[in-house]
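Please read the structure below before turning to the comments.
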Amino acid sequence: MMRTWKHQCHSVKGGDTTRRHRHLQDTLVAMLKSAGLKPAMTDATQDQATRTRLERANVVTPHRGGMTRGGDILIPHGLDMHPGPLSKPVVIDLTVVSERVQSHVLDEWPASTAEARKRTKYTRMYDAIGYDFQGFAVEIGGRLGPEAEKLIENLQKMWWAKMGKKAIPDDANWTCPSFSSYWRQRLVGAVQGWTGAMLVGRARQVADLRGSR
């Protein structure tokens, strides 16, 4: 995610992309909870039980600072509406993609490509410990990847099972008249809001530099 955006705008700070990522993550966690799921309190990469399993399987992917790559959200009991003893834990890893960078301009669906890249990189790692893995990509322009869309579709079914067919969230209105459209709007808003703030920050930096000459 960060490498993609920096290719276009070298002044964007890592802290900005981290905050954008966290905002997207918090929004997705809220959607999961609204549908009745129970995400872990910590990222999959920081969950001690998960990390211990990865280390024992000798498949942990190291990162600077001793962290583990590949796992923003952990759902210990999986995505089943009625989890049982055979339910697999699920790990979701998020990414934001700029469809305007040179490496993506010829790509018909950059978010789909990003999710496929995540699967290639991390699915085998989590398969080794009996976890399922999913990518979740959002383009800055607002398009979601197929795995992200499928997850929203499944969560809407869970929401309807819990709240009634065609039930909508309390804050939904005519612009987002369903569970899926409401949460899709919030997820894209999380990305675009922070992206806009990053661009404004960049513009101010440029203006300050010009003013100091």
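The values are calculated or read from the model by the stated rules, or taken from the named source; none is laboratory data. All values derive from a computational prediction rather than experimental measurement. When we count neighbours, we look across all protein chains shown, and the Cβ atoms used for this are built from the backbone with ideal geometry, even at glycine.
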Can you pull out the residues in segment 124-146 that are surrounded by fewer than 21 Cβ atoms within 10 Å (Cβ to Cβ), part of a helix (DSSP H, G or I) and touching a Gly at 6+ places or on another chain (Cβ under 9 Å)?
Met125
If Phe133 passes every condition in (1) at pLDDT 95 or above; (2) closer than 27 Å to Gly70 by Cβ; (3) out of contact with any Phe, Trp or Tyr (no Cβ under 7 Å at 6 or more places or on another chain) but one, which one does it miss?
(3)
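For residues in segment 147-172 being of a type in the set (Asp, Glu) and part of a helix (DSSP H, G or I), which is surrounded by the most Cβ atoms within 10 Å (Cβ to Cβ)?
Kept after step one, since they are of a type in the set (Asp, Glu), are these residues of segment 147-172: 147, 149, 153, 170-171.
Then drop every residue that is not part of a helix (DSSP H, G or I), which leaves 147, 149, 153.
Values: Glu147: 21, Glu149: 16, Glu153: 11.
Within segment 147-172, the match that is surrounded by the most Cβ atoms within 10 Å (Cβ to Cβ) is Glu147.
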It is to be established whether one or more residues within segment 66-74 are within 19 Å of Ala148 (Cα to Cα) and part of a strand (DSSP E or B).
yes
Out of (1) surrounded by fewer than 12 Cβ atoms within 10 Å (Cβ to Cβ); (2) at pLDDT 80 or above; (3) under 20 Å from the mean Cα position of the chain (by Cα), the one His63 does not meet is (2)
Could you grab the pairs with beta carbons closer than 7 Å, sequence gap of 6+ or different chains, first residue in segment 175-190 and within 13 Å of Ala35 (Cβ to Cβ), second one part of a helix (DSSP H, G or I) and not β-branched (Val, Ile, Thr)?
Phe179/Gln156; Phe179/Trp159; Ser180/Glu153; Ser180/Gln156; Trp183/Met31
Could you grab me the full set of residues in segment 101-123 that are among the small types (Gly, Ala, Ser) and assigned to a helix (DSSP H, G or I)?
Ala111, Ser112, Ala114, Ala116
When residues of segment 123-162 are limited to those that are under 16 Å from the mean Cα position of the chain (by Cα) and of a type in the set (Phe, Trp, Tyr), the one farthest from Trp183 (Cα to Cα):
Phe133
